[in-house]
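Can you keep this structure in mind? I'll have questions shortly.
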Amino acid sequence: MTRIIVRRVIWNEANSEHIKKHNVTKEEVSIGVRNAAYHTQTYKNRYLVVGRSNRRILSVVVKRHAPTAYLVVTARDASKKERRRLYEKEQNK
């Protein structure tokens, strides 16, 4: 599996507005992708990144823009299955 390293999060107006529908802030997304517990590659060269942002567990879909810069496509609270996998990863550390 390819390991992604997110050092810079890129935003556009549409994506900023879209995450508001999920009650997620830009700050939470930035923290969540930098504290990623795991990621999986999805379609169209996108990645689903699951990580902790303070007290929330977020699922963030990103697309690579540069080697360590990723464009946020969307962000939401993690599903039950995604949270369970995060807990397993944390216990295996």
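The values are calculated or read from the model by the stated rules, or taken from the named source; none is laboratory data. Model, not experiment: these values are computed from the prediction. Quick note on the areas: whole protein, heavy atoms, side chains included, nothing else; ligands and nucleic acids left out. Shrake-Rupley method; radii C 1.70, N 1.55, O 1.52, S 1.80 Å.
Among (1) 13.6; (2) 14.0; (3) 13.1, which is the computed Kirkwood radius over Cα pairs in Å?
Computed from these coordinates, Kirkwood radius over Cα pairs in Å corresponds to label (3).
Could you put 25, 40 in order of accessible surface area, largest first, with the 1.4 Å probe and the full protein assembly present? Mind dumping the intermediate values first?
On the way: 25 60, 40 40 Å².
So the residues, ranked largest to smallest area, are 25, 40.
Given only helices, namely DSSP H runs of n ≥ 4 each adding -39500 (n - 2.57), what is the per-residue ellipticity at 222 nm of the chain, to the nearest 500 deg cm²/dmol?
Values: 3 runs with 30 residues, N = 93.
Result for the chain, helices only: -9500 deg cm²/dmol.
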